[in-house]
Amino acid sequence: MGSVDYPKGKRLVGKVALITGAARGMGASFARAMVAQGGSVIVGDVLDEQGLAVEAELGDATVYVHLDVTSRSDWQHAVDVALARFGKLNILVNNAGILATGSVAEFPPDEWDRVIAVNLTGAFNGIQATLPALKASTPASIINISSTAGLKGYGGLVGYTASKFGLRGLTKAVALDLGDSGVRCNSIHPGAVITPMTDGIDMAQSHVAMKRPGHPHELAHLAVFLASDESSYCTGAEFVADGGEMAGLATLTVSS
C-alpha cells in the first residue's frame, strides 16, 4: 500500500501510551494512529534504529525506549521514561511478538521457551510493571495483541498458537482482577496482516470472506477505540479483525 492517512482528532488528547514492538508493523501503525488522535506515545522495541526513526517521524509526542519485553529492568526503565517525559501512563499495548514454525514433534524446546517468553510472559511483565502508573492515571486501558491463533489452532504453529491462547486467557484474568480499579483489559485478534513478521509466509486468503490479508492501519483504528474512553464499558473482551476468517470457510473458487 502507499502512504496511509491516519484520521486526525482529539480522541486521545491527554492520554499517554506505551506500545511494544512499535518500531515497525502494527506497533508503528498504532503509534501513528494514536499520535494523530492527540495522544503521546512511548515507542518500545529492540530495533533501535527503526524505533528512533518512528520517534523522528512523529516528533515531540513520542519518545523511543529500548525495550526487550523479557527484561523486567527494561520494563521499569520504560515506565520511568513515560513518567519523566509525559507525567503519567494511561495505555499499555502489548504488541511485541515473534513467530516460529514447527509441529509439536519437531519444535525445538529453546524455540518454545523463546516464543512463550516474548509473546506471553512479556505481556505479563508489562502489565505488572505498568500497573501502578496505570492505576494512578485512570481511566486506563491495557490492550493485548493476540491473534486468530488465540481462538483456533493452526498446524505447524504450536508455540505461537499456545502463546496467543495464553494471552487471551491472561487478558480475561487481568480484566477480572482489575474490574473495579478503572483499568480495563481487552485483547485484539488479528487475522493475516501484512507486516515484517509475516514476510515469506503464504498470505493467500481465498478461504476468508474478504479474500485478502489485512493492513496494519486497519488494526490501528481498533486499537484507538480500545485506548479511548469510547470503550469505557469494554473489558475482558475479544475484538476480532480478520476479514471474516473466524466466520467460517468462504466459498472457494474451484476450477473445472
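Based on this model, can you work out whether Ala227 counts as in contact with a Lys or Arg (Cβ under 8 Å, 6 or more places away or on another chain), within 18 Å of Ile19 (Cβ to Cβ) and not β-branched (Val, Ile, Thr)? First the steps, then the outcome.
Details: in contact with a Lys or Arg (Cβ under 8 Å, 6 or more places away or on another chain): yes; within 18 Å of Ile19 (Cβ to Cβ): yes; not β-branched (Val, Ile, Thr): yes.
Here the answer is yes, as Ala227 does meet what is asked.
In region 1-46, which residues are farther than 12 Å from Tyr64 by Cα, among the charged types (D, E, K, R) and not in a loop (DSSP other than H, G, I, E, B)?
Matches in region 1-46: Arg32 only.
Take region 149-195 and flag every residue that is among the hydroxyl-bearing types (Ser, Thr, Tyr), surrounded by fewer than 18 Cβ atoms within 10 Å (Cβ to Cβ) and either over 15 Å from Asn119 (Cβ atoms) or at pLDDT 95 or above (or both).
Quick first cut of region 149-195, residues among the hydroxyl-bearing types (Ser, Thr, Tyr) only: 154, 160-161, 163, 171, 181, 187, 195.
Restricting the remaining residues to those that are surrounded by fewer than 18 Cβ atoms within 10 Å (Cβ to Cβ) gives 154, 181.
Answer for region 149-195, where residues must be among the hydroxyl-bearing types (Ser, Thr, Tyr), surrounded by fewer than 18 Cβ atoms within 10 Å (Cβ to Cβ) and either over 15 Å from Asn119 (Cβ atoms) or at pLDDT 95 or above (or both): just Ser181.
Taking region 122-165 on its own, how many of its residues are within 18 Å of the chain's Cα centre (by Cα) and within 20 Å of Val183 (Cβ to Cβ)? Please lay out each step first, then the result.
Our first condition is that a residue be within 18 Å of the chain's Cα centre (by Cα); within region 122-165, this holds for 122-131, 134, 140-151, 159-165.
From what's left, within 20 Å of Val183 (Cβ to Cβ): 122-131, 134, 140-146.
Matching residues across region 122-165 total 18.
Of (1) crowded, with 18+ Cβ neighbours inside 10 Å; (2) touching a strand residue (DSSP E or B) at 6+ places or on another chain (Cβ under 9 Å); (3) in contact (Cβ under 8 Å) with a residue 60 or more places away in the chain, Leu99 satisfies all except one. Which?
In the conditions (1) crowded, with 18+ Cβ neighbours inside 10 Å; (2) touching a strand residue (DSSP E or B) at 6+ places or on another chain (Cβ under 9 Å); (3) in contact (Cβ under 8 Å) with a residue 60 or more places away in the chain, Leu99 misses (1) alone.
Run down Val63, Val69, Val79 and say which single residue is in a strand (DSSP E or B), within 20 Å of the chain's Cα centre (by Cα) and either surrounded by 15 or more Cβ atoms within 10 Å (Cβ to Cβ) or among the charged types (D, E, K, R) (or both).
Working: Val69 fails: in a strand (DSSP E or B); Val79 fails: in a strand (DSSP E or B).
Among Val63, Val69, Val79, only Val63 is in a strand (DSSP E or B), within 20 Å of the chain's Cα centre (by Cα) and either surrounded by 15 or more Cβ atoms within 10 Å (Cβ to Cβ) or among the charged types (D, E, K, R) (or both).
Restricting attention to region 102-112, and to residues there that are of a type in the set (A, V, I, L, M, F, W, C) and surrounded by fewer than 16 Cβ atoms within 10 Å (Cβ to Cβ), which single residue is farthest from Leu167 (Cα to Cα)? Show your work before the answer.
Within region 102-112, the first condition is being of a type in the set (A, V, I, L, M, F, W, C), and the residues that meet it are 104-105, 107, 112.
Okay, now just the ones that are also surrounded by fewer than 16 Cβ atoms within 10 Å (Cβ to Cβ), so 104-105.
Working: Val104: 20, Ala105: 23 Å.
So, considering only residues that are of a type in the set (A, V, I, L, M, F, W, C) and surrounded by fewer than 16 Cβ atoms within 10 Å (Cβ to Cβ), the one farthest from Leu167 (Cα to Cα) is Ala105.
Tell me which residues, restricted to region 107-154, are more than 23 Å from Phe239 (Cα to Cα) and either in contact with a His (Cβ under 9 Å, 6 or more places away or on another chain) or among the small types (Gly, Ala, Ser) (or both).
Ala117, Ala129, Ala133, Ala136, Ser137, listed by residue number.
Among the numbered criteria (1) over 20 Å from Ala123 (Cα atoms); (2) of a type in the set (A, V, I, L, M, F, W, C); (3) at pLDDT 95 or above, which one does Cys234 miss?
The failed condition is (1).
Looking at region 36-48 only, could you name the residues that are closer than 15 Å to Ala23 by Cβ and either buried (at least 24 other Cβ atoms within 10 Å of the Cβ) or of a type in the set (A, V, I, L, M) (or both)? Spell out how you get there, then give the answer.
Initially, region 36-48 is screened for residues closer than 15 Å to Ala23 by Cβ, giving 41-48.
Answer for region 36-48, where residues must be closer than 15 Å to Ala23 by Cβ and either buried (at least 24 other Cβ atoms within 10 Å of the Cβ) or of a type in the set (A, V, I, L, M) (or both): Val41, Ile42, Val43, Gly44, Asp45, Val46, Leu47.
The values are calculated or read from the model by the stated rules, or taken from the named source; none is laboratory data. Every value quoted in this text rests on a predicted model; they were computed, and no experiment measured them. For neighbour counting, all protein chains shown are included, and Cβ atoms are generated from backbone atoms with ideal geometry for every residue, glycine included.
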